[in-house]
1. Of the beta bridges DSSP finds with both residues in the chain, what % are antiparallel, to the nearest 5?
2. Roll a 1.4 Å probe over the protein heavy atoms and report the accessible area of Leu62 in Å², nearest 10.
3. How large, in percent, is the carbon and sulfur part of the accessible surface of the chain at a probe radius of 1.4 Å?
4. Hey, how many Å between the Cα centroid of the range 112-133 and the Cα centroid of the range 1-72?
5. Counting heavy atoms of the protein chains only and a 1.4 Å probe, report the per residue accessible area for the chain as a whole number of Å².
6. Can you give me the solvent accessible area of Trp143 with a 1.4 Å probe, rounded to the nearest 10 Å²?
7. Rounded to the nearest 0.05, what FRET efficiency do Ala40 and Thr128 have when you use their Cβ-Cβ distance and R0 = 25 Å?
8. Quick query: amide H of Arg27 versus all other amide H atoms, modeled in the peptide plane; which residues come in under 5 Å with a sequence gap of 5 or more or a different chain?
Amino acid sequence: MPGPLLAIDQGTSSSRAIVFDADGRVRGVGQQPFDMIFPADGWVEQDPAAIWQSQLQAMAALEAAISPEQRRSVAACGITNQRETTLVWERATGRCIHNAIVWQDRRTASRCQAMRSDGVADLVGSQTGLVIDPYFSATKLAWL
């Protein structure tokens with residue numbers, strides 16, 4: 001019989017972990033909230049260490065749901081995340097160079113407007129399928 005399945009949901013305001021048995025029944029759920037940071041009007045950030053710790057805490061809450069043997073035999077793990085929330089790690093140290101810039105953040109709105117004014121919207125759209133908007137990670141990466 002296959003081992004349990006683990007689902008990890010890294011959301012905007014909390015981390016969740018859910019373990020399912022081989023029959024698809026929920027055996028345990030762990031959830032841990034974390035704070036957002038608002039350093040300026042329209043800016044939304046998160047502490048990468050707080051995100052990581054909240055996910056570890058959410059998974060730790062599952063320990064009572066399944067046995068140590070089952071924990072060692074997890075068959076698969078699925079992960080979902082915040083999509084366009086953006087982080088950059090320094091390769092040499094493995095540390096993040098800045099807080100996560102959350103998908104809701106609008107700090108690059110003027111850069112996006114300048115790109116549209118410069119006439120690159122059609123090029124960006126044809127190459128990526130996206131519109132120019134601060135929601136997406138490209139201008140966040142340039143800001144970082």
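1. 80 percent
2. About 10 Å², rounded to the nearest 10.
3. Of all accessible area on the chain, carbon and sulfur atoms account for 54 percent.
4. Using only Cα atoms to place each centre, the spacing works out to 36 Å.
5. Working: 8840 Å² over 144 residues.
Each residue of the chain exposes 61 Å² on average to a 1.4 Å probe.
6. Result for Trp143: roughly 100 Å² accessible.
7. Numbers: r = 28 Å, r/R0 = 1.11.
Efficiency, from the Cβ-Cβ distance: 0.35.
8. Those qualifying (amide H under 5 Å, at least 5 residues apart or on another chain) are Val19, Phe20, Asp21.
The values are calculated or read from the model by the stated rules, or taken from the named source; none is laboratory data. Being a predicted model, the structure only gives us computed values, none of them experimental. Neighbour counts are summed over all protein chains in view; Cβ atoms, including those assigned to glycine, are modelled from backbone coordinates with ideal geometry. Protein only, heavy atoms only, side chains kept; ligands, DNA and RNA dropped before computing areas. Shrake-Rupley method; radii C 1.70, N 1.55, O 1.52, S 1.80 Å.
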